[in-house]
């Protein structure tokens, strides 16, 4: 095991990802496989799996009461969202969740739900993992950055052909 290469952490060293703030999160499907629908006329058309992803996105604040999902888009093979952490409630209730724990919960719930539907409704099978191992995050530090990210999310389906995760239908 000691001979295995160390994975480079994508997180900021010494940054507390449970502190109050806004975070831009991207989670990608394993092998960038398109499971959640397709882009038609510059609009994301969610299939049943995409609708399931949306269901679990909207449940994040139910599970983590100190979080809010502000903006999100489900793409054919990845997912973007802005998550807000309320630091006041975290400090009072001691229920603060780190960004990593939220993403881990989301991946677990969506993967389990997806597997159930592969068995019962013949959804497209995936190879070993539904999601890639990690996720991308960006700490939103100011209003200008927040506005740029919201625009990116809003217009992401229209720019699908130029997206680095693009897979033709």
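The values are calculated or read from the model by the stated rules, or taken from the named source; none is laboratory data. This structure is a prediction, so every number in the text was calculated from the model and none was measured. All Cβ positions, glycine included, derive from the backbone under ideal geometry; neighbour counts span all protein chains shown.
General observations
- Selection count where residues are farther than 14 Å from residue 47 by Cα, in contact (Cβ under 8 Å) with a residue 24 or more places away in the chain and exposed (fewer than 10 other Cβ atoms within 10 Å of the Cβ), scope region 111-128: 2
- Which numbered condition residue 67 misses (of (1) within 11 Å of the chain's Cα centre (by Cα); (2) over 18 Å from residue 126 (Cα atoms)): (1)
- Test: residue in region 153-165 that is at pLDDT below 90, over 15 Å from residue 23 (Cα atoms) and in contact with a helix residue (DSSP H, G or I) (Cβ under 6 Å, 6 or more places away or on another chain): yes
- In the set 139, 150, only one residue is in contact with a strand residue (DSSP E or B) (Cβ under 8 Å, 6 or more places away or on another chain) and assigned to a helix (DSSP H, G or I); that residue is 150.
- Residue 28 being part of a loop (DSSP other than H, G, I, E, B), at pLDDT 95 or above and crowded, with 19+ Cβ neighbours inside 10 Å: no
- Among the residues of region 144-169, those identified as without any contact (Cβ under 8 Å) to a residue 40 or more places away in the chain and either surrounded by 15 or more Cβ atoms within 10 Å (Cβ to Cβ) or more than 15 Å from residue 77 (Cα to Cα) (or both) are 144, 145, 147, 148, 151, 155, 166.
- Of all residues in region 43-59, those satisfying the criterion of being touching a strand residue (DSSP E or B) at 6+ places or on another chain (Cβ under 9 Å) and either outside any helix (DSSP H, G or I) or at pLDDT below 95 (or both) are 44, 45, 46, 47.
- Within region 60-71, being more than 17 Å from residue 157 (Cα to Cα) and in contact with a strand residue (DSSP E or B) (Cβ under 8 Å, 6 or more places away or on another chain) holds for 60, 61, 66, 67, 68, 69, 70.
- Among residues of region 60-69, those that are surrounded by 17 or more Cβ atoms within 10 Å (Cβ to Cβ) and in a strand (DSSP E or B), counted: 2
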